[in-house]
Structure formats: structure tokens, C-alpha cells
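For reference, the structure discussed in these notes is given below.
The values are calculated or read from the model by the stated rules, or taken from the named source; none is laboratory data. This one's a predicted model, so the numbers in the text were calculated from it and none came from an experiment. Methodologically, a virtual Cβ is constructed for each residue, glycine included, from the backbone with ideal geometry; neighbour enumeration extends over all protein chains shown.
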């Protein structure tokens, strides 16, 4: 748990550092600092259309930028591979992503395409660079995803000038997610939760951060289908089905965590009594929790234990 | 609904005339003047063939409770050991392999291997072990082959589940426009879990778990200049190796979870037209379960032919009409059609009463859901962006107290990024749920209280507010604050102030996160968060009673790391985390007065102190100490025979201090 909190700090700090770095790059006197996002986008669009690429490729860029450790870290990752035809370094090299150099190297008066939180270039324009190559089923629903509509840039989560992209490491991806999703970060530490705080599971086991065609960017066609991936025993169909279970697991459970046992939204018997009020039984007053079969032990589940569905011919009340 | 669809159609039609957004994709690059032959990369630092690190850890665990294994990755006491690795291999031809391992040798860990050539093929192999420890149960039922045999001696069972997951995947790209993939996964789950049976009184018991799930996915991806489609199959088969549970005096008293399987065929696609992008998907599925039924009087079947057909379809579109204006929307249809057979089965009462047997049909539940969503985003000015949307959801059920529910929700969000040092996000939404007439259904239960409104079907007003700020006064500090408030209000019956079920639920809280980058060597962080969930409900047992449930949660953490010691070779750090979950229940039964439930809370302190020392460029030592203090209590958990007529699994509460000291040696390639 501590380990992942610490890594979360590292990610947050690396984001801070990246911001500082990018500020150092741009040098406060950079002429494009005063441009608005729209003006910057217009200039870069024009530059991109003119296609004035450098004469020597990467060496033209590294003449000035080779002393920057972050720049050179590109070569530690796949995007810096020169021997793979799919890599940007095997195509237009640095300019594959940062656009044509133009007159950028003559006094640094022309902007380049830059990435991350500190650039004014709109996220959609930044992302068009990445999507130029990364157009596969994993990103198929990106354009209609919440992350896209919230103008999240690929570079907000992914780092390519690095030996390893933390968003692709199962021990670090949760930290990447909870650096923004702080409520879910807290949920992981509640009384019951999926084992996310120890990185035994990842957020991406259930969600596709690039969007999906299911609510909440879930990886399967429905919420229940996503749960069945690991809880296939709840799938059924059962001879006797419990209606809210069949309809939506989230009717009773909060998958991110709960102060109640078993990730239940409310404790039993109150959770059950919010739907069941048969006189003298379902709506029975349970004044104390450990005093009778109605409040002690497993409460309602002492008798109705097959609450996810029963395959017993006499199991219509989920007791067998 | 009709109005909503027309709006969506209008939006889609408008989108066809959209402006072209900036697209810096390399396929659009103007390379007419590029002389790639002259490109050089003499200054590129191509890394060694092998990169990464391998770590071996040896440690000592002092713990009196196996529950600590959740945090430590193993519940072994005494000496523990594990191996971690993160190694990459890249050769001159562009082949790349990667191996990552974590805590190999412990009860929680994984190993993952990838190998292939980008744009040609990829092989992936994964193994993951997830073990979770719950409580220690006390039971006098000894299990063997489905028979639970009572004994005078008490059996102590760790309620733990171990999942061993393995997967093998292969991806082969035939050409630029045609890609194929196949992946097989298997999970074996073993252990014990808490369960309960009736014979004739409730007896909690430790149910053995031994089950497996096999999954297969395969697909073909076709793509063109501005389109892509993915045609795939997904299959899943669940097998339970534990049979029905019996007692010596009650045969097959508890039905085993039946084997089942599910199959899905999916076609998904994307079409891009300038600044407009369309996504669509159709998934047809079938879930099958035909396991043998327990043979008892009143059961006409040897096995039941359970079959549910599903259909999920979606069409979504988004378009940048102008650089400032985006519009989008989606239409979603989902159907669950239960085609299983219906028969009448005798239903003995749960309590022992042989005279009350009755026959009941199994209910086949059908659900049909339609969703329409519209959204727009408009940049009001530089740094100000307004989003708004409308969501409509209609659910029809073939059963239950309400055939149809309809949810209408309006939402809006204002993002302010005008200032260099501070950002604001303000979100608000209001939703109303209504629907067809609410009537207690004879199909589900003839005894249901007619005044009850089930919370997932009842009329409901939902209002949510959220405020987020990110304050970055300097590049060495950031402070984030998020505050949220949500209220669900369930309508009262017209002209009747008696409402049974959930009345109201409020969920509110805040999260505060501070990150400090004090120098190149010194970093620190802190966070604090609280959440409250308050619910009010009512029931009726001769008289109306009320229950207030007040759940609360607090989460605190802080840490510091300093790396400037011994010529920057030594890094030391400390981290602390505190979490406290609490649930309070107050029942007001009017005539008998109000009563509070007993303690129901848990808290956890975690501390880690560590030091990392670089022996050389390629070797590193780490010494880490981890302390876990865990306490939970639940007044509903009582002794095995503390309640007359009920046999429990005893007190499963935890109260422990656990320590782990770990020495790790890393070799950096």
C-alpha cells in the first residue's frame, strides 16, 4: 500500500518536473509563449502544411537538445528505436511527432508541436499526433470517450521520453489513474475493496482509459459482463434469478470500495430492507445487530444465502 | 425519446459540414521536400541490447494474523523471499521482448512476458496469482466430498481465496490493413468462503471453493484510411468442481453453483470524416446453463435448459463543428431475453413446516434498455470551457413492480483554465427518474408490501455537485482539492406520507492532495480526505419504523524522500497512511424507542521506512521496514452459539500489529 502511495508521489512529482522542464525548454522569452492555444494551433497547422523538414533529421534537433536528459531518454523506449519500421525514429525521426522544424533552429522563433500539461496546444491537436499511428481497437472509442471530451492529452498519462511508460506497467498504472481520480484512490482503502491498493489488480482490468462503447469505459459489453470476467459463478442463468442482481451488480455493490463488508453500498439487513418489506418478516424491526438471526451472523443471508441466484428446485427464496 | 433522437439526427447532419480540425498525424505530413536519405542520427544514443533490472528480496515477517498477508503479499511468517524483474531485450532487427515479474515466490505476484516485432506479430504470456485473506472461521462441520459432517471438535478455517490466472495470446498482422489476434485465459480459484444453509435452522459454514473459468477471444481487425472494424468472438466457460452440500440428515440441502458458459459475437467499427468520428458496435450473446438439478419431490426435471440471449448495440458520434464547438451523442440498445423453460417446482418453506409446501414457477427475467445521450462543449473564451449534456435511459422489465423506468438527466460543467497557477472545474447534474405505474407484482412475490418503493425502481430526484481546483503556485508545488455533494431523494406517495424503503441518501466529502518538489533531492507529499454517506429508510412491522445509516470514511497520508546522502548514493524515505471506515445505524421503532447498532468500523495504519543504496552503477541495495496496524469490528459477528437458533462462524474480527523487514538486492542491466 505504502509502495503505491510512494509511486503516486513519484508520478505526481515527475509531472511537476516535466512542467518545470518544459518551462525551461520554452525559456520564458520564447515568442510563442504569448500566443493563445488557437493562435499556436494555427501557426503549427500552417507549418505542418508547409512541410519544411530539417535537412539532417534527428541530428538537426540534437545539435541543441542533446544535453537535455529528458530528450535523450527517448532512445531508451520503443519510440526511439531506429530499427523498427513502425517507430517514429525510423520515419521522420523527431519531426514525426514534433512537426517540421521550419525556422525553429534559427533563434528559436518558431514553435514546435509539444506535449503535456504545460503546452497551450489543445489536447485534441496533441493527440492527433499519437492517433496517427495508434489507431487500433484499443483506441477505437477514444473520440467519444470521456477522457477525450474532458480534453485529456495522451501525454497526461503516457511518457515516451522514458525507458518505461508508467501507464503500461501494471505496478504503476493505478497511480497514473488515481493522480486525477482521487475519490477512487480513497475508495481503495475502505473496509472492503478490490485489491487495487496492493496492485494485485489494476484499474485497466475493468476500464479502458481510451474509452469503450460501454458505460464508464468498461472493457466488456455491459457492467455485469465486466464483473463476470472474474466472477463467472454469478453469471448463471440460474433457475431462480434475483431481479436486481441480473439487472445490475452495481445495484448493491460499489466495485471501487465500501465502508461495508463485501463492497456493499449499505450494510445488511438495511440494504435488503430497502427493497423487501413483507409484513413481519422482510420489514421486521432489527433493533440490534447481534441479538437475533435477523441481525447477527450473516443477517438476511443466514437464510437467503444464494442471493445471486439459486439452482435448487426449491430455491425461489434463495435459501438453498 | 422521439424528440431526443431528432436532436441527435440534427447534430449528426450538422456534423457533416464540420470544419477540419488540426490533425498532425504523420500520414498527413507534407513530405514533398523531405530528403530522408540525408537523415542522420549520429547523436542518437541507442541503448544496450538488454535493459532493466532483476531484484531478489529476502525478508522476515512477524504477524499473528493471516489477514496481514493481504498487505505483505504472503501470509507466511518468518523468512520470506521473492523475485522481481523488469527486463527488456531489443535486437538489431527490431525484435523486442519484455519480461516483468513481481513477488514471484509469494502468494501474490505475477509474471508477464511479451515478445514480437512491432507491426508484424506479438506473443504474450501472463501468469498472476491473487490471494485474498478474509477471516478465520470456527466451524464444527467438516467437509468431505460434498458432505458436511458435524463433529465435536472445532475446525478453524482460513476464509481465503486463491486465484491462479494464466493467459496466452498471439497477434499476427497480415498486412497494414489486416490484423488478427487470439487469446486464451484460464483461472483456477480455490479456497473457502463464508456461506449459510437452512436445516432447519440457519447454520453458517465454510464453503469450499474449487472452480475454473476458461476464456477464449479471437478476432480480425480490418482498417482503411479513415475506418476500422473489429470482428471478434469471446467465449467463457465456468466449471465448479464442488458438488451440492449435504448434511448427514439432509441430503443436497444447498445447491452448488451450476456450470455455465457464455458466447459473444461482436462487430465494432469506427469511421472518421474530417472532424466527425462515428463509432458503432453490435454484440450478440448467449448464456447457457443446463447443469443437473437436485432430484427432490416436486421437481419435474433432470436438468434445466437455461438460456439467455443478449443483444447490445451502440452508435456514437462526436464532431468539432468549429474549433470552439463540439457536439456529440450516442444511442444505446441492450436486451436480455431469457429463453429458458418454465416449470412449476415445489417450494418447501425455509423454516421447517412440512404443511406449507407450495408450487412456484421459475421466473424468466427479460430486460430491455435504451439510452440516448447528447453532449456539447463550447469554448466561451480563452481558458473558459462550458460543457453540457442530456442523458435519457429507459428500462423495461418483464417482471417486478414497475414495468418501465425512465431517467432524464441534465448536466453541465465549467472548466476555468484562464490562470497560470490555478484551475477550476465545476460540475453539476440533476436527474429525475419516473416511469410506469408502480404496482406490487404477483410474479415476483405475492407478499410484497404495496407501500414499498424499491430503490432501484422508485421515483427519484438525483442532484450532484462537484468542485475541483488545482493550485500550482510554483513548479515545485501543487495542491489539489475536490469537493463533492450528491443527494438522492425518493418521492413520497402522492397524498400519503407513509413511505417504505429508502427515503433519501446523501454522499458528500472532500479530497486534498499536496505534492512538494522541494529540491532535486527532497520530495514530500500529503493527502487528506473524508466522505460521509447518510441514508434514511423506513419499514413496517405493525408500526412504521425508521432507520438512519451514517457511513463515514477518513483517509490520511504523508511521506518524504531524500536522496542527497553519501554523494547521492543513498536515498531514504518514510511513508504513512491511515484509513478509517465507520458505519453507524440508528433504528427508531416508535413504540419501543430508538436503538443504536454496535460497533462497525475498521482502521488501518501503514508505515514504511526505507533506504536505498547504490553500491555501483549496476548494483543496488534496499532495506525496507513495513508496519501494519489493522483493527476491525462488527457487532453483528457473534460467538458460534451466541444467538439461539443460529450457528455462526464465530468472531472474525481482526486486531493485529504486523511487521515486515525486507532486504533487496537489485542488479541493473
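Can you tell me how many residues within segment B:377-391 are within 30 Å of the chain's Cα centre (by Cα) and surrounded by 18 or more Cβ atoms within 10 Å (Cβ to Cβ)?
4
Which members of segment A:135-150 meet the condition of being at pLDDT 90 or above, surrounded by fewer than 19 Cβ atoms within 10 Å (Cβ to Cβ) and not in a helix (DSSP H, G or I)?
Once the filter is applied, which keeps residues that are at pLDDT 90 or above, surrounded by fewer than 19 Cβ atoms within 10 Å (Cβ to Cβ) and not in a helix (DSSP H, G or I), segment A:135-150 yields only A:150.
Quick one: in segment B:603-631, which of the residues that are surrounded by 19 or more Cβ atoms within 10 Å (Cβ to Cβ) and free of Cβ contacts under 8 Å to residues at least 40 places away in the same chain is farthest from the chain's Cα centre (by Cα)?
B:610
Give the residue, chosen from A:318, A:238, that is part of a loop (DSSP other than H, G, I, E, B), modelled with pLDDT of 95 or more and under 30 Å from residue B:299 (Cβ atoms).
A:238
Specify which of the listed residues (B:75, B:70) is away from chain A (no Cβ under 12 Å) and outside any strand (DSSP E or B).
Working: B:70 fails: away from chain A (no Cβ under 12 Å).
Exactly one residue qualifies, and that residue is B:75.
Looking at segment B:564-596, which of the residues that are within 17 Å of residue B:523 (Cβ to Cβ) and at pLDDT 95 or above is nearest to the other protein chains (Cβ to nearest Cβ)?
The first filter runs over segment B:564-596 and keeps only residues within 17 Å of residue B:523 (Cβ to Cβ), leaving B:564-565, B:568, B:570-577.
Those left that are additionally at pLDDT 95 or above: B:570-577.
Working: B:570: 16, B:571: 11, B:572: 12, B:573: 7, B:574: 9, B:575: 4, B:576: 8, B:577: 6 Å.
Ranking the candidates gives B:575 first.
Among (1) facing chain B (nearest Cβ under 7 Å); (2) under 28 Å from residue B:532 (Cα atoms), where does residue A:272 come up short?
Only one criterion in (1) facing chain B (nearest Cβ under 7 Å); (2) under 28 Å from residue B:532 (Cα atoms) is unmet by residue A:272, namely (1).
With the condition kept exactly as written, say whether any residue in segment B:392-413 is within 12 Å of another protein chain (Cβ to nearest Cβ), at pLDDT 95 or above and closer than 19 Å to residue A:120 by Cβ.
No - not one qualifying residue is present in segment B:392-413.
Checking residue B:369 against (1) in a strand (DSSP E or B); (2) in contact (Cβ under 8 Å) with a residue 40 or more places away in the chain, which single condition isn't satisfied?
Failing condition for residue B:369: (2).
For segment A:301-313, state whether one or more residues are facing chain B (nearest Cβ under 8 Å) and more than 20 Å from residue B:195 (Cα to Cα).
No; the residues of segment A:301-313 include none that is facing chain B (nearest Cβ under 8 Å) and more than 20 Å from residue B:195 (Cα to Cα).
Out of everything in segment A:44-70 that is more than 8 Å from chain B (Cβ to nearest Cβ) and in contact with a helix residue (DSSP H, G or I) (Cβ under 7 Å, 6 or more places away or on another chain), what residue ends up being farthest from residue A:93 (Cα to Cα)?
Among those that are more than 8 Å from chain B (Cβ to nearest Cβ) and in contact with a helix residue (DSSP H, G or I) (Cβ under 7 Å, 6 or more places away or on another chain), it is A:70.
Looking only at segment B:112-153, count every residue that is touching a residue at least 24 places away in the same chain (Cβ under 8 Å) and under 30 Å from residue A:134 (Cα atoms) and tell me the total.
13
Could you list, in sequence order, the residues of segment A:46-64 that are without any contact (Cβ under 8 Å) to a residue 40 or more places away in the chain and buried (at least 17 other Cβ atoms within 10 Å of the Cβ)?
Matches in segment A:46-64: A:56, A:57, A:58, A:59, A:62.
Give segment A:80-97 a look and list any residue that's within 17 Å of residue A:63 (Cα to Cα), facing chain B (nearest Cβ under 9 Å) and modelled with pLDDT of 90 or more, or say none.
Hits for segment A:80-97 are A:92, A:93, A:95.
Being under 30 Å from residue B:373 (Cα atoms) and surrounded by 18 or more Cβ atoms within 10 Å (Cβ to Cβ) is the requirement here; does residue B:228 meet it?
For residue B:228, the condition - under 30 Å from residue B:373 (Cα atoms) and surrounded by 18 or more Cβ atoms within 10 Å (Cβ to Cβ) - is met.
Any idea which of B:548, B:507, B:520 is more than 8 Å from chain A (Cβ to nearest Cβ), outside any strand (DSSP E or B), over 21 Å from residue B:401 (Cβ atoms) and out of contact with any helix residue (DSSP H, G or I) (no Cβ under 6 Å at 6 or more places or on another chain)? Before the answer, list the steps.
Values: B:548 fails: outside any strand (DSSP E or B); B:507 fails: outside any strand (DSSP E or B).
Exactly one residue qualifies, and that residue is B:520.
For residue A:206, which of the numbered conditions (1) within 19 Å of residue B:289 (Cβ to Cβ); (2) surrounded by 21 or more Cβ atoms within 10 Å (Cβ to Cβ) fails to hold?
Looking at each condition in turn, residue A:206 falls short on (1).
Just the residues that are more than 7 Å from every other protein chain (Cβ to nearest Cβ) and in contact with a helix residue (DSSP H, G or I) (Cβ under 9 Å, 6 or more places away or on another chain), please, taken from segment B:275-284.
Listed by number, the residues that qualify are B:275, B:276, B:278.
Can you confirm whether residue B:337 is over 20 Å from residue B:278 (Cα atoms) and at pLDDT 90 or above?
Yes: the conditions hold for residue B:337.
Regarding segment B:326-344, can at least one residue be identified that is closer than 30 Å to residue B:412 by Cβ and not in a strand (DSSP E or B)? Quick ask: steps written out before the conclusion?
Looking only at segment B:326-344, we keep the residues that are closer than 30 Å to residue B:412 by Cβ, and these are B:326-334.
Subsequent filtering for residues that are not in a strand (DSSP E or B) retains none.
No - not one qualifying residue is present in segment B:326-344.
Is it the case that segment A:176-193 has a residue that's touching a residue at least 24 places away in the same chain (Cβ under 8 Å), over 16 Å from the mean Cα position of the chain (by Cα), within 10 Å of chain B (Cβ to nearest Cβ) and not in a loop (DSSP other than H, G, I, E, B)?
Within segment A:176-193, one or more residues are touching a residue at least 24 places away in the same chain (Cβ under 8 Å), over 16 Å from the mean Cα position of the chain (by Cα), within 10 Å of chain B (Cβ to nearest Cβ) and not in a loop (DSSP other than H, G, I, E, B).
Residue by residue, here is whether (1) within 8 Å of chain B (Cβ to nearest Cβ); (2) surrounded by fewer than 23 Cβ atoms within 10 Å (Cβ to Cβ) holds:
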residue	(1), (2)
A:202	no, yes
A:212	no, no
A:226	no, yes
A:238	yes, no
A:253	no, yes
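Could you check segment A:288-302 and list, in sequence order, the residues that are surrounded by fewer than 22 Cβ atoms within 10 Å (Cβ to Cβ), assigned to a loop (DSSP other than H, G, I, E, B) and out of contact with any helix residue (DSSP H, G or I) (no Cβ under 7 Å at 6 or more places or on another chain)?
Once the filter is applied, which keeps residues that are surrounded by fewer than 22 Cβ atoms within 10 Å (Cβ to Cβ), assigned to a loop (DSSP other than H, G, I, E, B) and out of contact with any helix residue (DSSP H, G or I) (no Cβ under 7 Å at 6 or more places or on another chain), segment A:288-302 yields A:288, A:290, A:291, A:292.
Please identify the pairs in which a residue from segment B:82-107 that is facing chain A (nearest Cβ under 9 Å) and at positive phi has its Cβ atom under 9 Å from the Cβ atom of a residue that is surrounded by fewer than 19 Cβ atoms within 10 Å (Cβ to Cβ) and part of a strand (DSSP E or B), counting only partners at least 6 apart or on another chain.
Qualifying pairs under 9 Å: B:94/B:117.
Checking the structure you have, find out if any residue of segment A:258-268 is under 21 Å from residue B:533 (Cα atoms), more than 31 Å from the chain's Cα centre (by Cα) and surrounded by 24 or more Cβ atoms within 10 Å (Cβ to Cβ).
yes
What tally of residues in segment B:285-303 results from selecting those that are closer than 18 Å to residue A:219 by Cβ and either more than 8 Å from chain A (Cβ to nearest Cβ) or surrounded by fewer than 19 Cβ atoms within 10 Å (Cβ to Cβ) (or both)?
Summing the residues that are closer than 18 Å to residue A:219 by Cβ and either more than 8 Å from chain A (Cβ to nearest Cβ) or surrounded by fewer than 19 Cβ atoms within 10 Å (Cβ to Cβ) (or both) in segment B:285-303 gives 0.
How many residues are buried (at least 17 other Cβ atoms within 10 Å of the Cβ) and within 17 Å of residue A:260 (Cβ to Cβ) when one looks only at segment B:546-583?
Within segment B:546-583, residues that are buried (at least 17 other Cβ atoms within 10 Å of the Cβ) and within 17 Å of residue A:260 (Cβ to Cβ) number 13.
Give all pairs with beta carbons closer than 6 Å in which a residue from segment A:146-166 that is within 12 Å of chain B (Cβ to nearest Cβ) meets a residue that is modelled with pLDDT of 95 or more and surrounded by fewer than 19 Cβ atoms within 10 Å (Cβ to Cβ); count only pairs at least 6 apart in sequence or on separate chains.
From residues that are within 12 Å of chain B (Cβ to nearest Cβ), the pairs are A:165/A:158.
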